[in-house]
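Derivation of every value follows stated rules applied to the coordinates shown; laboratory data play no part. Just so it is clear, the model here is predicted, and its values are computed rather than measured. Heads up, the Cβs are rebuilt from the backbone with ideal geometry, glycines too, and the neighbour counts pull from every protein chain shown.
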Amino acid sequence: MIYFLHGQDTYRSRQKLHEIIAAFREKAGGMLNVMRVDAEEQPDAVFDVGRTGSLFAEKELVVIERASGSRGEAQEYLESRVGDWAKSKTLTVIFWEGELKNGDGLAAILAKAAAKAQEFRPLPAVAVRRWIAAEAAVRKIRLAPREADILVARFGSDLWSLSNELWKIRDGWSVESAQAREENVWAFTDAFFKRPRSAFRALTRLLESGHEAMYLVGALASALRALTRVWWGARTGKLKKAGAGLHPFVVRKNAELARNLTLDSIARCYDRLVAADVEQKTGVLPPPLPLVKLVLQRRQSDAER
């Protein structure tokens, strides 16, 4: 028998995988041989599937992860064996995949042969809220509606990140305080690109409140990536494609900013940002001096325009 679990939402597909394995163990009463294979990392291991059963176990359960990432003979072997495994009464094979590419041949074969196939797509916002409420109850967390709103706004349907945040909340971490800190960082990155002359003041406040220079350089890099994507989309008429995965507010904000930026200015920001990152990591200058220098360079460039 074959199970086929796949989809972009790997949190829920992993959870389902664990549930299936637990159910098989319980049903077998301990007499279950389980084999796990990462076909992308260990493609040769797929040739042992179905050949390593225990003499004492009536049934064998095999979990094959990322089979679509295998190549050559390993992929051909899997494709040739799916039919027999699907008919087997003693061997159950669970294929687990993340998000699949269009036209994946093995995936198409599995979808037809599997006794049970399930795709895990990202949850819509309403379902994410229900998931947060359910998880909070399981973890005995009292979550205010405002806190749930913040989590959905920050992480969307990324259940891995949401799960981590819920554990942090259970340990006393404050969502609203973190949101306020994030908003201050966003104000700094906005100022750096839009109002360079006011960025130094924003940076000073962040450093005084305990923000690490390394984190702030990373925040600038993330903001520059989003800005570059939107700038390219606006220039090529492919803004919808370029903004895929970005929050609509981020797209609108960067689209407005992109109108006043040239490719040279974006390239200059990138070069200086890389230089600041290298200076910090190699110790050429002690932090936060590379970041301070970066902000002052940006302000000087704006003053010279």
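Okay, here's what the table says:
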quantity	calculated
Footprinting exposure proxy for K59, K168 (fewest neighbouring C-beta atoms within 10 Å first)	K168, K59
Gain in span if fully extended, S80 to A134, counting 0.36 nm per residue against the direct Cα distance	15.2 nm
Spacing of the two label points (7 Å from each Cα toward its C-beta) at R36 and S161, in nm	2.6 nm
Furthest towards positive pole of dipole, L78, G98, S157, structure part the chain, Cβ charges	S157
Label-point separation, I21 to L263 (7 Å along Cα→Cβ), nm	4.9 nm
Rg/Rg_globular for the chain, with Rg_globular taken as 2.2 N^0.38 Å and Rg from C-alpha atoms	1.31
Additional length obtainable on full extension of the chain from R201 to R252, 0.36 nm per residue less Cα span	15.8 nm
FRET efficiency, 1/(1 + (r/R0)^6) with R0 22 Å, evaluated for A221 and K168 via beta carbons	0.40
Where labels lie 7 Å past Cα in the beta-carbon direction, separation of E183 and K240 in nm	3.3 nm
Full-stretch length increase - Q118, R154 - with 0.36 nm per residue and alpha-carbon distance subtracted	10.2 nm
Simple Cβ-charge dipole of the chain, Lys/Arg +1 and Asp/Glu -1, about Cα centre, in debye nearest 20	1260 debye
A275/S301 FRET efficiency (R0 22 Å; Cβ-Cβ; nearest 0.05)	0.95
Long-range amide H partners of K59 with built H, under 5 Å	N33
Sorted by Cβ neighbour density within 10 Å, fewest at the top, the residues R201, R81	R201, R81
Kirkwood Rh in Å, taken over all unlike Cα pairs in region 125-173	10.5 Å
Cα-centre dipole for region 125-173 with unit charges at Cβ (Lys and Arg positive, Asp and Glu negative), debye to 20	180 debye
Surface/4 estimate of mean projected area, convex hull on alpha-carbon atoms of region 205-259, nm²	4.3 nm²
Between region 111-163 and region 250-279, the Cα center-to-center distance that results, in Å	34 Å
Residue-averaged 222 nm ellipticity for the chain, from DSSP H runs of 4+ at -39500 (n - 2.57), nearest 500	-20000 deg cm²/dmol
Length-normalised contact order of region 125-173 in % [C-alpha pairs under 8 Å, at least 6 apart]	45 percent
Lysine pairs with alpha-carbon atoms under 29 Å apart, region 178-303, spacing 8 or more or separate chains	11
Surface/4 estimate of mean projected area, convex hull on alpha-carbon atoms of region 178-303, nm²	7.7 nm²
